[in-house]
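Trainee: Before we start, here is the structure in question, set down as structure tokens.
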Amino acid sequence: MTPKNYLYEMIRSELTWVVGDEHVQANEADNLGHSIDYYWVPECWHDRGERPTPPDLVVYPGNTQEVAAILKIANTHKIPVTPWGGGSGSQGGALPVYGGIVLDMKRMNKVIEIDPVTMCVTAEAGINAQHLEWEVEKAGFSTMHLPASISCATLGGFIAHRGTGVLSTKYGKIEDMIMSLEVVTPTGEIINTLPVPRHASGPSLTELFLGSEGTLGVVTKAVMKIHPIPAARKFHAYLFETMHDAMVAGSQLMISRMRPAVIRLYDEASTARIIKRVLNIDRKGAYLVFGFDGPEKIVDLEMEEACKICEKTSKEDLGTEAGQSWWKNRYKFFYPPYMFQLPQAFGTLDTVATFANIENVYWAMKNVVKENFPQAAFIGHFSHWYDWGCMLYARFIIDEPPKDPNEAVALYNRIWDMAIRAAIREGGVINEHHGVGLKLGRIMRDLYGPAFNVLESLKKVLDPNNIMNPGKMGFPGKGV
Amino acid sequence: MHIENYLNVINACRFCFMCRHLDPVGNVTFREADTPRGRALMCDRIRMDAANLSNADYIDAFYRSAMSAANRFHCVSDYDETGLVLAVRRDIVEADLAPAAVKALAKTLEKDTFSVKGKGRVLYFGPTPELYKGCAVITGGDPGKALAVLGFEAASKKVFTRFKKAVTDSGCKTLIVAEPSAFEFLHDRLPGVKVIHSAAYFVEQGMNKTGSRKAVYLESDFLKNTCGNPSAPRDLLKQLGYKLVPFGTNVEESYAVGEGAVVYDTLYPALAERLCQRVYDLAEGLGKTRFITASQTVKDTLKKYNPAFDVITLEEAVALSQD
Ligand SMILES: Cc1cc2nc3c(=O)[nH]c(=O)nc-3n(C[C@H](O)[C@H](O)[C@H](O)COP(=O)(O)OP(=O)(O)OC[C@H]3O[C@@H](n4cnc5c(N)ncnc54)[C@H](O)[C@@H]3O)c2cc1C
Ligand code: SF4
């Protein structure tokens, strides 16, 4: 769409008719915010004085019917529509790379019902996750979805990217928390998935939309599990000589089928760099923290057993205080200046693998970065643990990337290409919770092999005009 | 440019999403431009190219900010995002780019003069002089805070000079200030004069408990977020016998309907009404709970859009106890 031509004004009027004047914006202040999400590339472009592609129009729907009407208009005119939640995604998923409509979901922010019998909350998808948690807490419960970006992101954004909160090891990822969804399909039909997540009535439609990143439709409402507030939540930290020793302990905790709410293991480099800076714990080795929650007696018993496992291979018992301090400061890692910042170049090489493969994935990525990009530092921690494996939150950091934005972005992409392909070769999956977006679309075919054709066919059927978030998740760009 | 004194804030906030959930305006407009990140991105563009200072969309977004300082209060590194908005407003004003409505308001505020009535060792500045027996009273408009917030620094200084002269001429060494914005502005600007907030004055006097009633103390942006969150307002209400109940969903967000921007309702009545609506909505379910605010402006704004809303000021709570 070219602003200020006849068609542009006509479409704008159509959209205004649906949502009202105030909820269709085309001003430079909003366009700036919507042209940059948490993806490093638009941030870098902005930093270097470039202007990432803005949307032609930002539309703020107030309800599901309005979303449906907007998508019908977009289909008629074959205009790209990019859903936007909080813009906190790190993969460029919410960027309007072809202009068109940014569908900002934040106006759809209501908690519709808290059901204490089934223990679930029904909410509109644009609600800020922290606002949702506060409302649920006010009713005496918790969603237990506590990611570092709880204050930044929306419920729909987490659903779209299969997000993970800090307590995932016990309470699950967002896909384990969702009971059912209301979705507007790309052609504007309003559908509901089945009301319970476990059934034998065919494949799970809920699962189809979980992780679909706005390419298969717009999530407008979700029913999500809620939990009682646990009577106790306790933490403990240990220091290990090496990351491997700590990994042995961590995996033992999981394969002995204990149910920690959280385990986090920092490699030697991030223990020296991050744990020291944020928690003021200055040690050589690998820092591991875990926590349990629930009735106090059970928590104490679980703690005792978990400590026994760690004591076998640890170098130092850092105690409960060093664990508690991690919990207290768990979000601090993500605030400036503790977080990496432009002009630094940095990327989170989020990968998930089985216990058999995860250390190989770590070393493959680390070696690739070390050998090919001597200017980059590599650090990692293992964030979300399952009974079969865990997630590696690896990071590369270049303190002084090239000044020229094109060179900087090319270098950045090269690191991604090499590191991620190395991870895939070792059985790693990209990724555990950041999603694919624009950033990793080109790797989807390598990851899936021929199975990607199935996803592509689904996309074609659901979105015949390819209006929904074109060019993301490895799907084709503008034009069918 | 003044924003250059806030480069650390621009650099930190421009790509940070961590306090977006606390921007009172962002929470009712849902616009990216109404978040610390959005505003820092615009300031960054201005830093890169001063021509962007004249962008009318940017200017409107900067003046639309409620400047509650809830974001800084939340920020683990205390980045002063409100200070950045103040700085860019000063740049806008100095480049003669302020919106017509802002300029017209500033013209009115510039005319404020001050006079002192009565004699005493203590001077009172606020809307309820009858509560302060034996105190002299300084009357007039805003002592310069509103102009400062709008970015009219030079004019603010002139008005403040007139205020200061009136205080000095009175010979009083203690000044009691009721309005939180004025208290924040004056508390460290009058050498040799002890400036105290009216709540602290009453707590020091000791109030009689006159019954027990549930109430919400609606936190003040200025007292909580920029003046160290003194306990005096809550202590005072407890002395008066109020049982304070929590309000809203959290203790960080500002529910002060634009108090931080001092003249918000004058410039952005439609947005002020939405800020009020959020308070009314959250108040539903609290039954007959009374709301008590430190700010006359906050009270007036809340009453304006819902005259039936039960809200009084701290001073009115004291007055009621004396009836
Ligand atoms: C400081 C920081 C820390 C982070 N920590 C975590 C963490 O601990 N765990 C974690 O999982 N993530 C984390 N993230 C990443 C980010 O918060 C998540 O990816 C989140 O899911 C993005 O949500 P959003 O609402 O901001 O979505 P956006 O960034 O706006 O959009 C992300 C994708 O979802 C699509 N989308 C958004 N809303 C909808 C909808 N209603 N329907 C369909 N599609 C939609 C968009 O089109 C886009 O493709 C972090 C990010 C930051 C900035
Ligand atoms: S004030 Fe702090 S938390 Fe808020 S955007 Fe700035 S750096 Fe982030």
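Yes or no, residue by residue, for (1) away from ligand 2 (no atom under 16 Å from the Cβ); (2) surrounded by 24 or more Cβ atoms within 10 Å (Cβ to Cβ); (3) at negative phi; (4) of a type in the set (Ser, Thr, Tyr):
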position	(1), (2), (3), (4)
A:Trp134	yes, no, yes, no
A:Ala160	yes, yes, yes, no
A:Val166	yes, no, yes, no
A:Gly172	yes, no, no, no
A:Ile178	yes, yes, yes, no
A:Gly214	yes, yes, no, no
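Trainee: Quick one: which residue in B:Leu282, B:Leu286 is at pLDDT below 95, assigned by TED's automatic domain parsing to the domain that holds B:Leu237, among the hydrophobic types (A, V, I, L, M, F, W, C) and not in a helix (DSSP H, G or I)?
Mentor: Sole residue among the options that is at pLDDT below 95, assigned by TED's automatic domain parsing to the domain that holds B:Leu237, among the hydrophobic types (A, V, I, L, M, F, W, C) and not in a helix (DSSP H, G or I): B:Leu286.
Trainee: Where in the stretch A:14-95 are there helices (runs of 4 or more DSSP H), lying fully within it, with 2 or more residues that are outside the structural domain of A:Ala408 (by TED's automatic domain parsing) and without any contact (Cβ under 8 Å) to a residue 40 or more places away in the chain? Working first, answer last.
Mentor: Working: elements: A:28-34, A:40-47, A:64-77.
In the stretch A:14-95, the matching helices (runs of 4 or more DSSP H) lie at A:28-34.
Trainee: Ok, one more. If I filter the stretch A:338-351 for residues that are assigned to a helix (DSSP H, G or I), away from chain B (no Cβ under 14 Å) and surrounded by 18 or more Cβ atoms within 10 Å (Cβ to Cβ), do I get at least one hit?
Mentor: Scanning the stretch A:338-351 turns up no residue that is assigned to a helix (DSSP H, G or I), away from chain B (no Cβ under 14 Å) and surrounded by 18 or more Cβ atoms within 10 Å (Cβ to Cβ).
Trainee: Show me the strands (runs of 3 or more DSSP E) found entirely inside the stretch B:128-244 where at least 2 residues are among the small types (Gly, Ala, Ser).
Mentor: B:136-140
Trainee: Kindly indicate whether any position in the stretch B:26-39 is away from ligand 1 (no atom under 14 Å from the Cβ) and closer than 16 Å to A:Ser151 by Cβ.
Mentor: yes
Trainee: Can you tell me which residue in the stretch A:52-65 is surrounded by the most Cβ atoms within 10 Å (Cβ to Cβ), limited to those that are within 30 Å of B:Leu7 (Cβ to Cβ) and more than 9 Å from chain B (Cβ to nearest Cβ)?
Mentor: Only one residue fits best here, namely A:Pro55.
Trainee: In the list B:Asn52, B:Asn27, B:Asn8, which residue meets the criterion of being more than 15 Å from ligand 2 (Cβ to nearest atom) and on the phi < 0 side of the Ramachandran plot? Let's see the steps before the verdict.
Mentor: On the way: B:Asn27 fails: more than 15 Å from ligand 2 (Cβ to nearest atom); B:Asn8 fails: more than 15 Å from ligand 2 (Cβ to nearest atom).
From the options B:Asn52, B:Asn27, B:Asn8, the qualifying one is B:Asn52.
Trainee: So if I check each of A:Ala148, A:Ala139, which one is in contact (Cβ under 8 Å) with a residue 12 or more places away in the chain, surrounded by fewer than 24 Cβ atoms within 10 Å (Cβ to Cβ) and farther than 24 Å from A:Glu432 by Cβ? I'd like the intermediate steps shown before the answer.
Mentor: Numbers: A:Ala148 fails: farther than 24 Å from A:Glu432 by Cβ.
Selected residue: A:Ala139, the only one of A:Ala148, A:Ala139 that is in contact (Cβ under 8 Å) with a residue 12 or more places away in the chain, surrounded by fewer than 24 Cβ atoms within 10 Å (Cβ to Cβ) and farther than 24 Å from A:Glu432 by Cβ.
Trainee: Right, something else. Determine whether A:Ala153 is among the aliphatic types (A, V, I, L, M), under 23 Å from A:Leu349 (Cβ atoms) and either within 14 Å of another protein chain (Cβ to nearest Cβ) or within 16 Å of ligand 2 (Cβ to nearest atom) (or both).
Mentor: yes
Trainee: I'm checking my understanding of the structure. Among residues of the stretch B:225-259 that are small (Gly, Ala, Ser) and under 22 Å from B:Pro307 (Cα atoms), which one is nearest to the other protein chains (Cβ to nearest Cβ)?
Mentor: Taking the candidates together, the pick is B:Gly248.
Trainee: Condition first: closer than 23 Å to B:Leu240 by Cα and touching a residue at least 60 places away in the same chain (Cβ under 8 Å). Now tell me which residues in the stretch B:162-200 satisfy that.
Mentor: B:Ala178, B:Glu179, B:Pro180, B:His197, B:Ser198, B:Ala199
Trainee: For the stretch B:1-107, please list each of the helices (runs of 4 or more DSSP H) lying entirely inside it that holds at least 2 residues being within 13 Å of chain A (Cβ to nearest Cβ) and surrounded by 24 or more Cβ atoms within 10 Å (Cβ to Cβ). Explain how you work it out, then say what you get.
Mentor: Values: elements: B:7-13, B:26-29, B:36-48, B:56-64, B:70-74, B:81-94.
The helices (runs of 4 or more DSSP H) meeting that bar are B:7-13, B:36-48, B:56-64, B:70-74, B:81-94.
The values are calculated or read from the model by the stated rules, or taken from the named source; none is laboratory data. Note that this is a predicted model, so its numbers are computed, not measured. Virtual Cβ from ideal backbone geometry, glycine too; neighbours counted across all protein chains shown.
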